[in-house]
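Bear in mind these aren't lab numbers, they're just calculated from the coordinates by the rules spelled out. A quick note: this is a predicted structure, and the numbers were derived from the prediction, not measured. Glycine also receives a Cβ, built like all others from the backbone with ideal geometry; neighbour counts cover every protein chain displayed.
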Amino acid sequence: MEAQLAWLDDPQVFRVNQLPAHSDHQFFASTAAMEAGDNELVQSLNGTWEFAFAPTPAQRPVGFWEPTFNRAGFTTITVPGEIELQGFSQINYINTLYPWAGKTYRRPVGTAVADQVDPATFANGNDNTVGAYVRHFELPNHWADREVHIMFEGVERAMYVWLNGHFVGYAEDSFTPSEFDLTPYLQPGDNLLAVEVFKHSTASWLEDQDMFRFSGIFRDVNLVCLPTAHVTDLKVEALYDPVTHEGQFGATLQLTNDQAVVSAQLTAPDGTIVWDGQTDQSQDFKFPVTEIGVVQAWDHHHPTLYQLTLTVQMGAKTVEVIPQVVGFRHVEITPEAVLQLNGQRLVINGVNRHEWNCHRGRAIEYQDMLTDLELFHQNNINAVRTCHYPDQLAWYDLCDRHGIYMMAENNLETHGTWQKMGAVEPSYNVPGSLNEWLEACLDRARTNYEVLKNHPAILFWSLGNESYAGEVIAAMDQFYHTHDQTRLTHYEGVCYTPEYRDRISDFESRMYLAPDDVEAYLQNQPDKPFVECEYMHSMGNSVGGLGSYNRLVDEYPQYAGGFIWDFIDQALEITDPVTGQSVMRYGGDFDDRHADYEFAGDGLVFANRQPKPAMQEVRYYYGLHE
Amino acid sequence: MDYTNKLHVIFDDGMLGVGGANFHYLFGYERAGIESLVVDGHEWMYRVPQPTFWRATTDNDRGSRFNIKSAQWLAADYVSPCVNIQVAIDGQPLPELPIAPLTNQYTDHDTATTVTITYTYQTPTVPATTVDVAYTVLIDGTIEVRSTYHGQADLPQLPVFGWRMQTPTPVTEFTYHGLSGETYPDRMAGASEGTYTITGMPVTPYLVPQENGMHMQTSWVELTRETTLNNADLQPGPFKLRISSLDQPFNFSCLPYTSLELENATHHEELPPVRRAVIVIAGAVRGVGGIDSWGSDVERAYHLPADQDYQTNFKLELVP
């Protein structure tokens, strides 16, 4: 198969040869390797890559993926990293409007006005910057004759991959892993990997988040070597009965080799083995859900994790060992519409959190996550909404361990297609009820679910943000409910389309609703628990009046709390050429127009992670119902 | 001639001088306010203090258009002329302001137990209103300041009401007893009461410079400076001035910039080099709000309606 530029303009092409999404479990070649934390099955491709930047698709170096291509004109770039922050392309911050506003007239495919634009508007787009990435690698000797995949954890926004001149695949959905099988094209010795990254495609319509608009390979890239028998997917079921405190446990596996035998052990925090099992070849690799007696529940105060260890054997030989943390907890909405965790009312003392680093943009580092968790704990923040895209995988793991409740949001926002100059005007809204956009959106939901399904920290799936509502979002909601009975769904935008209210979102969710208006809902026989998915807009000198929301916690059991907007200012630290001072810059400071200037400066912490003065107020009120 | 149990009063042309053992104050008539406050030889006044009405627009103020609705107060902060001055000695008002030639009836050894000078400022708002600022000097040099805003219907809500002084050189640190951190009426429940020392005059680095640094419910603050503009004062060393509550706690900020300087900057690096301290003592502070930044008002309980009277009262005290 050859790569086609036309895919950029077809919303129904969003993954070509991309492997199915699967759980994010780690795997090791042996118990010893697992205990040493030394994963010889993973090879990082982070670092310096060869790179050529093209301002438009027409100017891109066609054929650069060929081994014989003359790349003398290439320079270098750091992976992971944002193209714009490494000097190649203009930085721009824009909120609701699409970044091509006033420059390129575009309307989404499938809408009534789509025929007014060039059907190749992205492939021909003079705003569609292209990054051509090249990287050589050699495989470790012990990987010979094994299946080798490549995993991109995040690439904005459309990507083509080649190996040794052969087309490997194509992917969209910037914030979830994209994995491809490299095995057919691998060669001994040197291998040439090439990745072409386009800033825009039809995926851009789905990724209109209020943030700096970047492009590039901005998260880790790894080569992964599969053991001869490999668990490709693991679904853990850990159920908790809040009345009896008893747990039930089971797991379903997908394996690459049906001759394998998998033994499994579940270990309590004190080291006791509370359950074990072994598959045989007739079992279809399923450990049925069984009762395992009293367990310690997982919650914010006691993020108790059990350790599941899977050992995959071929004959007598261990070929793969998988560690997987397991948390037992039970989320439900009572008939009185009260949100409960483990039989107790749950109050969300939450924040929305963009991934942000004032030097690296969204290519944040592990230390940034640790700092954020420390700030969460210091300030009684118990919950996070991953706005408005899935985060780096490490963040979910950390939230499991730190007892942070997660609202795991899909990578979806189409704000500019339905809200214009503040008014609701969905004349060309996507995804709406358009079949052209259904599969791309369902795929985003599926990937979010399949990758993250084993994280006890995730209590809620969020369908996306500010995308209006129609059949497509209803189908996303249905996907989650069909595949996952242990979590709740959330979506705010259905407030504009009440006809979908019974089909979308287990919560009554609003953003920035004033305390009096929240109270009016709560007083009127609420049938869903109320959550503010965004509130207390922490822009500049703000966060006054938190007490008026806190009062609702005390007075209305159906008030489930909310997520402050947001955790960290999005601003970039640079050296001011006039004064030599280190200063923060925001939208418009890069001659970027249209820009929404300082509107992304609405964190509880400044862009350098120093808390704003308002944080002591959050610590106090969140501490009252911690 | 020392006056250890009386204030030395100089009824002079253009100003009223009031002195004691280690202090001397000048209350101007042409420059309507306390022109000079010298303690132990160190000057504390850069220009005469003014009533203050404006806070640099916050993001929420801009989003709710409060800065537009209340824009008259920006002009009032900038220029509110003095329209009347009255002097009282030992509590007895003088029938006329003692300017020339009335000053010729006084001597070089006039004394008093208290001296009160009251300035009345008129705002350039439509309609206008007035603010009275009364300074009462006590024998030990303490100055009691009582400032009253006279309510006027048909004016927009106030951003703030207070008294603003500027020092000739920066404050190097200040210690206060009050609430931790930066606080506002609708954002102070989480603060802890205590005594806090702040080094320098930090400006909270909100992306766009705006109102910041308010400290609510303060019982006293002590300002320390280490430099003066006096060319003959070669080693001034640290010296202090104390501001204390008079009848109830006050609110204050101590920043290097006026609200108009903050208002004018789009980034921190545009703010001028730190040369002075701007101390605002605020009797009435509007809340900052927080519901959203594109229209929602501050909650009603934290508004400052213009038709009410507001007081800003405190004491300036010498620190031994």
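Across the options A:472, B:50, B:191, the greatest Cα extent toward the positive end of the charge dipole of the protein assembly as shown (unit charges at beta carbon of Lys, Arg, Asp, Glu) belongs to B:50. Using R₀ = 25 Å, calculate the FRET efficiency as 1/(1 + (r/R₀)^6) where r is the Cβ-Cβ separation of residue B:122 and residue B:157; round to 0.05. Efficiency for this residue pair is about 0.80. Each 5 Å bin, from zero up to the one with the longest distance, holds this percent of the alpha carbon pairs of the stretch A:193-307: 2, 8, 14, 14, 10, 10, 11, 11, 11, 7, 1, 0.
List the pairs from A:453/A:528; A:235/A:612; B:6/B:240; A:612/B:315; A:528/A:612 whose alpha-carbon separation is above 29 Å, in the order I gave them. A:235/A:612; A:612/B:315; A:528/A:612, as the Cα separations exceed 29 Å there. Over all Cα atoms in the stretch B:161-214, the spread is summed up by Rg and Dmax: 12.5, 35 Å.
Given the convex hull of the Cα atoms of chain B, what is a quarter of its surface area in nm²? It would help to have the intermediate numbers written out before the result.
Details: hull surface 67.9 nm².
That works out to 17.0 nm².
The order of A:391, B:233, going from fewest to most other C-beta atoms within 10 Å of their C-beta, is B:233, A:391. Put simply, the Cα atoms of the stretch A:104-189 extend 55, 21, 19 Å along their principal axes, the longest span coming first.
Here the simple spin-label model places points 7 Å from the Cα toward Cβ, and for residue B:30 and residue B:150 these points are separated by 2.8 nm. Here the protein assembly as shown carries DSSP beta bridges of which approximately 90% are antiparallel, counting only pairs with both residues inside.
Taking every eigenvalue of the Cα gyration tensor of chain A, multiplying by 5 and rooting it, what semi-axes result, largest first, whole Å?
On the way: eigenvalues 250, 234, 105 Å².
Over the Cα atoms of chain A, the ellipsoid semi-axes are 35, 34, 23 Å.
Above 11 Å, the calculated P(r) of the stretch A:313-360 contains 80 percent of its Cα-Cα pairs. Taking 0.36 nm per residue of separation and subtracting the Cα-Cα distance, full extension of the segment from residue B:199 to residue B:274 would add 25.6 nm. The length gained by stretching the chain between residue A:36 and residue A:332 to full extension, at 0.36 nm per residue less their Cα-Cα distance, is 102.7 nm. Extending 7 Å from Cα along the Cβ direction at residue A:120 and again at residue B:132 yields two label points whose distance is 8.2 nm. Extent along the principal axes, Cα only, for the stretch A:162-261: 56, 45, 20 Å, with the longest axis given first.
At the listed q of 0.13 Å⁻¹, the Debye profile of the stretch A:5-225, built from one uniform point per Cα, gives log10 I(q)/I(0) equal to -0.77. Scaling the Cα radius of gyration of the stretch B:95-228 by the globular reference 2.2 N^0.38 Å produces a ratio of 1.39.
Evaluate Rg over Rh across the stretch A:527-573, taking Cα atoms for both radii and Kirkwood's formula for Rh.
Numbers: Rg = 13.1 Å, Rh = 12.1 Å.
That ratio is 1.08, to two decimals.
List residues of the stretch A:451-489, by number, whose backbone nitrogen lies under 14 Å from a label position 7 Å along Cα→C-beta of residue A:442. Under 14 Å, as judged by backbone N against the label point of residue A:442, lie A:471-483 of the stretch A:451-489.
First measure r as the distance between the Cβ atoms of residue A:516 and residue B:189, then evaluate 1/(1 + (r/R0)^6) with R0 = 25 Å and state the FRET efficiency to the nearest 0.05. Write out the running numbers ahead of the final one.
Working: r = 19 Å, r/R0 = 0.77.
That pair, residue A:516 with residue B:189, gives E of 0.85.
Shielding of peptide B:298-308 by partners, expressed as the average count of other chain Cβ atoms within 10 Å per residue Cβ, is 1.
Which shape class applies to the stretch B:200-320: rounded if a/c is under 1.5, otherwise prolate when a/b exceeds b/c and oblate if not, where a ≥ b ≥ c are the square roots of the Cα gyration tensor eigenvalues?
Working: a/c = 2.84, a/b = 1.35, b/c = 2.11.
Judged from the Cα gyration tensor, the stretch B:200-320 comes out oblate (a/c at least 1.5, b/c at or above a/b).
From helices alone, the protein assembly as shown scores -3500 deg cm²/dmol at 222 nm; the rule is -39500 (n - 2.57) for each run of n ≥ 4 DSSP H residues, then divide by the residue total.
Measuring r between the beta carbons of residue B:311 and residue B:75 and using R0 = 22 Å, the FRET efficiency lands at 0.45.
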